[in-house]
Every structure is written in C-alpha cells, then in structure tokens.
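> Structure in structure tokens, see below.
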Amino acid sequence: MKKLNTKDLDAPLVPFLYILIGIIAIASAFTFHQQYNGYIWILIYGLLMIGMGAIFINTSINGKQKIWNHIIAKQKINPNSEVLDLGTGHGLVLLKFANHLSDDGHATGIDLWRNSDQSNNNIQNTQQIIKQNHLEHIVNIETANMIKLPFESNKYDYVVSGLAFHNIKPASARTNALKEATRVLSDNGTLIIVDTGHHKKEYLKELTNLGMAIIETKTYGISGWWTGPWMPTYSIIAKKNHV
Ligand SMILES: C[S@@+](CC[C@H](N)C(=O)[O-])C[C@H]1O[C@@H](n2cnc3c(N)ncnc32)[C@H](O)[C@@H]1O
C-alpha cells in the first residue's frame with residue numbers, strides 16, 4: 001500500500017506554471033542569445049520564476065508545518081479537547097492537534113476534497129493517513145462545507161483551519177464560514193486561522209463583529225511565502241466569550 005503523508009502540494013497548478021514558464025524563458029534565452037541582446041533579461045526572468053515556484057513548494061511542504069508547530073507549541077492544549085479542523089485536506093493540522101489529545105479527546109476534520117486546492121485530495125487518502133498514524137480511535141473525517149457546518153453550537157474547544165478560508169468565494173461566503181466557525185466553538189474556545197491571500201483585515205473585522213476577542217495576529221517570513229513576500233502566510237488566534 002502506498003505510504004501517504006500530510007505533505008502534499010497546495011494549489012499544485014501554481015508552482016507547476018511558474019516552473020514551466022521559467023524553463024521556457026531560460027530555454028528561449030539560450031536559443032536566441034546570438035540574435036537578441038536582451039536575452040540576459042529573459043534568462044533572469046526565467047530564473048526568478050523558477051525561484052518563486054521553489055519558494056511556493058517549500059512553503060507548501062515544509063514552511064506551513066513549521067508555522068503550525070510554532071503555533072501549537074504556544075497552546076496549552078487540554079488532552080480531553082474537542083477539536084474541529086476546517087478544510088483538513090490531508091489532515092496536517094488535524095493530526096498535529098490529535099497528537100496532543102488523550103483517548104478522551106477527539107478531533108474531527110471536514111473538507112470538500114478539492115484537488116485544485118491540494119493534490120491527491122480525497123477522503124480515502126486522508127482516512128488512510130489517519131490509520132497509518134494510528135489515530136483512528138480519536139480522529140474522524142467528514143465531507144462538509146465550511147459555510148454550513150453539520151454540527152451543534154458551542155461544541156468545540158478548538159476550531160482550527162489551515163489555508164482553507166481564502167478558497168471560499170465570494171466574501172459573503174467567507175463571512176458565513178467565519179460565523180459557522182464561531183457558532184460551533186465553545187465559550188472560551190479558541191479559533192486559529194492560518195491563511196494566505198489578502199483577507200486578514202476582512203477576517204479581523206468579521207470576527208470582531210461576531211464578538212470574538214482577537215488574542216494574536218502574526219505574519220510569517222519566507223517559510224510562509226507563496227512565491228514571495230507579496231503573498232505571505234498569516235495567523236489569527238481569537239477566543240469566544242473570552243473572560
Ligand atoms: C490548501 S488546502 C489546505 C489543507 C490543510 N488544511 C493543510 O493546511 O494542509 C485547502 C483545503 O480546503 C478545502 N476547502 C476549500 N473550500 C472548502 C469549503 N468551502 N468547505 C470545506 N473545505 C474546503 C479544500 O478542499 C482543501 O482540502
């Protein structure tokens with residue numbers, strides 16, 4: 001049986017296109033360098049495109065792991081917690097939290113399993129990864145949409161989400177998803193959103209409108225860049241009815 005793991009490419013088409021365009025540019029520069037004096041700029045462009053593709057791949061495979069390790073290390077996770085991971089994909093965040101739970105805790109992951117957002121994305125693969133990590137007794141996954149969660153209100157001690165909110169369009173649907181995340185969170189429960197795209201202010205405004213207390217926001221360096229500093233990863237940690 002193929003050994004699967006949580007490290008799979010996010011938005012796989014993006015780095016593929018950057019690297020493909022880079023290779024074409026470099027090949028063109030070498031082909032036309034005798035006829036065209038400006039070939040050096042095409043060569044530099046090609047190298048930059050490949051570099052941006054490589055930064056994207058590094059963030060997807062290694063960088064986001066480091067970011068979650070950093071966030072989780074600062075949380076004092078009660079081993080009996082109920083955790084919900086929104087847009088779980090291959091279960092990266094789900095399993096990182098589940099590793100801190102006892103047999104009395106539980107972690108649920110939900111997803112629509114979209115291959116454009118993560119490669120090899122399907123419920124069977126993630127189920128297999130959970131089994132390979134021997135966590136099936138405290139972890140389950142379901143197919144559900146973040147904008148309408150099939151769970152009761154005030155249920156989860158942690159609602160967490162990695163790089164999934166920006167995939168929801170339009171803004172009104174993202175607002176619904178934030179409302180749902182907040183609804184299912186228990187009093188004094190913690191919401192942790194890690195995301196990219198340019199919605200940080202929007203999330204902070206909506207969460208404040210929903211009465212959430214913003215505990216921390218942070219923007220990460222090169223390990224969170226999706227091609228470059230213009231597309232960084234950021235985190236928001238907020239609490240419900242925080243006392
Ligand atoms: C970039 S992947 C990230 C997966 C995982 N959280 C991680 O950090 O590795 C985004 C995930 O969000 C899921 N997703 C996108 N929109 C969703 C929605 N409306 N409801 C549930 N899942 C969604 C995609 O299918 C995909 O698995």
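> Would you mind checking Lys74/Lys200; Lys74/Lys179; Lys96/Lys205 for any pair whose Cα atoms are more than 23 angstrom apart?
Details: Lys74/Lys200 21 Å; Lys74/Lys179 25 Å; Lys96/Lys205 28 Å.
In this structure, Lys74/Lys179; Lys96/Lys205 exceed 23 Å between Cα atoms.
> Residues with beta-carbon under 12 Å from that of Glu142, excluding Glu142: net charge, scoring Lys, Arg +1 and Asp, Glu -1?
Taking every other residue near Glu142 into account, the sum is -2.
> Please list, or write none, the aspartates and glutamates whose alpha carbon is within less than 18 Å of the alpha carbon of Lys218, excluding same-chain residues fewer than 8 places away.
Filter leaves Asp195, Glu202, Glu206.
> Okay, moving on. Does the stretch 86-162 classify as rounded, prolate or oblate by the C-alpha gyration tensor (a ≥ b ≥ c root eigenvalues; a/c under 1.5 gives rounded; else a/b over b/c gives prolate, otherwise oblate)? Please list the in-between numbers first.
Values: a/c = 1.91, a/b = 1.11, b/c = 1.73.
Note, shape of the stretch 86-162 comes out oblate.
> Mind checking which aspartates and glutamates have their C-alpha under 14 Å from Lys131, skipping anything on the same chain fewer than 8 residues away?
Straight-line reach from Lys131, under 14 Å: no aspartates and glutamates qualify.
> Take Thr143, Thr227 and order them by how many other Cβ atoms sit within 10 Å, fewest up front.
Listed from fewest to most nearby Cβ atoms, that is Thr143, Thr227.
> List Ser172, Ser28 from most exposed to least, where exposure is judged by having the fewest other Cβ atoms within 10 Å.
Listing Ser172, Ser28 from fewest to most nearby Cβ atoms yields Ser172, Ser28.
> Moving on to the next point. So how long is each side of the chain along the principal axes, counting just the alpha-carbon atoms, biggest first, in Å?
Answer, in whole Å and largest first: 69, 46, 30 Å.
> Are there DSSP H segments in the chain that both extend 15 Å or more along their axis (alpha-carbon positions) and score a mean Kyte-Doolittle hydropathy of at least 0.5? List them, or say none.
13-32, 39-58
> If you don't mind, another one. With a 10 Å Cβ neighbour count serving as the proxy for reagent exposure, in which order, fewest first, do Ser153, Ser235 appear? Could you put the intermediate results ahead of the total?
Numbers: Ser153 12, Ser235 20.
Fewest-to-most Cβ neighbours within 10 Å comes out as Ser153, Ser235.
None of the figures in this text is laboratory data; all of them are computed from the coordinates on show. Keep in mind that this is a model prediction, so the values were computed, not measured. Glycine gets a Cβ as well: all are built from the backbone with ideal geometry, and neighbour counts include every protein chain shown.
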